Amino acid sequence: MFCKGQVSTEYLVVLAIILVVGLVVVYLIGGFAGMGGSNLETESMQAWGTAAPFAITNWKQTGSTLQMELRNNDINTLTLTGISMDNAVVYSANTTFTSGEKRLISVTTSTSCGATGTRFVHDNVLITYNKGMITGNTERGLKPIIGKCS
């Protein structure tokens, strides 16, 4: 014999199962593919924001000009001597950073940004620096620099 409210409960359970199966199907066929792009940007920002000895805490690209905010995460004074990305040298100057200091560095990239909001990616980022009397130290990025054109 049916108890009062049993049909309503069964209906809600069946409806919940159908919704879950529907969401799984939409996800598997790529219905949420657009959501993955911002995850790559977030991973890139997190990786570079905590990198050492140089962190890139923020960046923005307009045209072929990429502006990056670099921070010295080392306890010693460092001299930035070069930056390369996409297998091309984009910066070659001696810029001194004291411990914890941030500076805005503008570089000209080999690839130009598209329309506002389109994605840019810079691979193989290599930062060259001097620490004390030791020259030619390198820091290779674990993740590419990924962002949206502005």
Kindly list, by first and then second residue, each pair from a residue in the range 114-134 that is closer than 16 Å to Gly82 by Cα to a residue that is among the hydrophobic types (A, V, I, L, M, F, W, C) and in a loop (DSSP other than H, G, I, E, B), limited to pairs with Cβ atoms under 9 Å and residues at least 6 apart or on different chains.
Ile127/Ala51
Filter the range 62-83 down to residues that are touching a Phe, Trp or Tyr at 6+ places or on another chain (Cβ under 8 Å) and of a type in the set (Val, Ile, Thr) and give me whichever is nearest to Ser99 (Cα to Cα).
Thr77
Run Leu142 past the list (1) among the aliphatic types (A, V, I, L, M); (2) assigned to a loop (DSSP other than H, G, I, E, B); (3) within 21 Å of Asn39 (Cβ to Cβ); (4) in contact with an Asp or Glu (Cβ under 8 Å, 6 or more places away or on another chain) and report the number of the one that doesn't hold.
(4)
Assuming Asn58 fulfils every condition listed in (1) touching a Lys or Arg at 6+ places or on another chain (Cβ under 7 Å); (2) modelled with pLDDT of 80 or more apart from one, which condition is it?
(1)
Within the range 86-113, of all residues that are out of contact with any strand residue (DSSP E or B) (no Cβ under 7 Å at 6 or more places or on another chain) and free of Cβ contacts under 8 Å to residues at least 24 places away in the same chain, the one nearest to Met68 (Cα to Cα) is Ala93
Every listed condition ((1) exposed (fewer than 13 other Cβ atoms within 10 Å of the Cβ); (2) of a type outside the set (A, V, I, L, M, F, W, C); (3) assigned to a loop (DSSP other than H, G, I, E, B)) holds for Gln46 save (3)
Has the range 92-101 got any residue that is under 19 Å from the mean Cα position of the chain (by Cα) and buried (at least 16 other Cβ atoms within 10 Å of the Cβ)?
no
What about Leu12, is it under 36 Å from the mean Cα position of the chain (by Cα) and at pLDDT 75 or above?
no
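The values are calculated or read from the model by the stated rules, or taken from the named source; none is laboratory data. Keep in mind that this is a model prediction, so the values were computed, not measured. Neighbour counts run over all protein chains shown; Cβ positions are idealised from the backbone, glycine included.
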